[in-house]
Amino acid sequence: MKETFDFIRIHREDDVRDLALQAARHPDIDMPFALQQIQGWQTAKTKIPSWTAVEGIVYPPHLNMEQCSSEQTARYKASLCGNGHTMVDLTGGFGIDFAFMSQRFERAVYVEQNEQLFAISSRNFEVLGLKNITTVCQDCEAFLPSLDHADLIYIDPARRDVNGGKTFAISDCTPDILQLMPTLLAKTDRLLIKLSPMLDWHKAMADVNSAAEDAGRVIRVHIVAVKNECKELLIEMVASKTSTTDDIVEMVLVNDDQTIKYSIGTADDAEICVPTPEPSDFVYLYEPNVAILKAGCTALVASRHGMKPISNNSHLCVGKKLDDSFPGRIFSINGVATMNKRNLKALLQGMERANIAVRNFPLTGDQLRKRLRLKDGGDNYVFGTTLADGTHVVIVCKKTYV
């Protein structure tokens, strides 16, 4: 086995496909295992960078690496934990979330029913030097009756069916946490649920609140994005026995180092009435990050930053001044034109290529590109959108680096 681990260490930067073709040259190497480890290490280099510096970490099959949390999102969840006595991860998987969250507690319990994943993760926890942990190879529903109490229970239900196909509805995941909700809240003070970022957060929040009945309620909803890609929907609940009478739910929108917070059902969350932008407002174009778009609070963010949404459904804002604190991309506007051929020709004169995007527009990005006869790429950005009065326009701009 030493020869195999030496081979992995020497070749972990190499192309896995090329190594697979050379398998016959290395009869003493467990090549399937070596290729899995090399591919896993290469994935982890981006996804879990701190682990790649630790010798002895074993990586699971590709599907498990694809499904596991990133280090960035795991650290974020750990930041929500505070400090406590006991936490339980009921769906441990490869153990990324558990490894970071467990360090906030005096005792942490990892539960995983897949024997292969359980063996890999348990070994890795030893390599990582995690202390005060207990590992349990068992179905979480079978484990729950033996659990006395935990300060925090974390659960990430599997979002694949028996055939390996993706599922999104909460009730289609395994386990069905809606059925388990009263039991879960009876066993803990706080419950943290990780769900698909594809879900409508309004419905997800309503579903878990309904399933909880009188056992507890939602206190926070987190939409977590990494590099402007929505990764996780987290729902934080508190058991009734530790709850206050305050029914306010906080929204937390995270994209890397950008964080927006507001309270649902308060004046902060009320329908924002903003004036229709004037032509003189089209100096800078602001595109909110995906967490804000997912939450549907563009108008709120625009109001906080003193700018104006182009229209109710455009998800774009404009302003006269540069605001480098805006949570999203910022563009300097070069010109605006209606879809009139003469106006477009004047606006696009001399332009051969551009990055095309559409927001609340009757054409797709590819259709607009063909209409404008532009190649992809370059420094110019073209947004097709619709103004508050229903006029379809094209906005040409360049990204502002601040």
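Overview of values
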quantity: Cα convex hull of the stretch 81-158 - mean projected area over all directions, nm²; calculated: 4.6 nm²
quantity: Computed helical MRE - 222 nm, the chain, DSSP H runs ≥ 4 contributing -39500 (n - 2.57), nearest 500; calculated: -9000 deg cm²/dmol
quantity: Whole-number accessible area per residue in Å² for the chain, which is evaluated in the context of all protein chains at 1.4 Å; calculated: 50 Å²
quantity: 0 to 90° range, to nearest 10: angle between helix 177-186 axis and the chain longest Cα axis; calculated: 60 degrees
quantity: Centre separation in Å (Cα based) which lies between the stretch 87-149 and the stretch 189-225; calculated: 22 Å
quantity: Cα-only Debye scattering, the stretch 126-241: base-10 log of I(q)/I(0) at q = 0.12, 0.23 Å⁻¹; calculated: -0.47, -1.35
quantity: Solvent-accessible area, 1.4 Å probe, carbon plus sulfur percent, for the chain; calculated: 48 percent
quantity: Angle between the chain longest axis and helix 115-128 axis [Cα atoms, degrees, rounded to 10]; calculated: 90 degrees
quantity: At R0 = 25 Å, FRET efficiency that the Cβ-Cβ distance of Asn340 and Thr400 yields, to 0.05; calculated: 0.35
quantity: Percentage relative contact order, the chain, counting C-alpha pairs under 8 Å, at least six apart; calculated: 8 percent
quantity: The stretch 294-402: equivalent-ellipsoid semi-axes (sqrt of 5 x gyration tensor eigenvalues, Cα, Å); calculated: 24, 16, 12
quantity: Matching label, Cα extents along the principal axes in Å computed from the structure shown, candidates (i) 70, 66, 37; (ii) 67, 45, 44; (iii) 64, 50, 40; calculated: (i)
quantity: Area of His305 that stays accessible when all protein chains are in place (1.4 Å probe, Å², to 10); calculated: 50 Å²
quantity: Chain lengthening between Leu63 and Thr259 when straightened (0.36 nm per residue, less Cα-Cα); calculated: 67.5 nm
quantity: Violating pairs (Cα-Cα greater than 21 angstrom) within the set Lys47/Lys227; Lys261/Lys320; Lys203/Lys261; Lys194/Lys294; Lys320/Lys370; Lys77/Lys261; calculated: Lys261/Lys320; Lys320/Lys370
quantity: Largest to smallest accessible area among Lys194, Lys47, Lys399 [probe 1.4 Å]; calculated: Lys399, Lys47, Lys194
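The values are calculated or read from the model by the stated rules, or taken from the named source; none is laboratory data. None of these values were measured; they are calculated from a predicted model. Here Cβ is always computed from backbone atoms with ideal geometry, including for glycine, and neighbour counts include all displayed protein chains. In case anyone asks, the SASA skips ligands and DNA or RNA and just uses the protein heavy atoms, side chains included. Shrake-Rupley method; radii C 1.70, N 1.55, O 1.52, S 1.80 Å.
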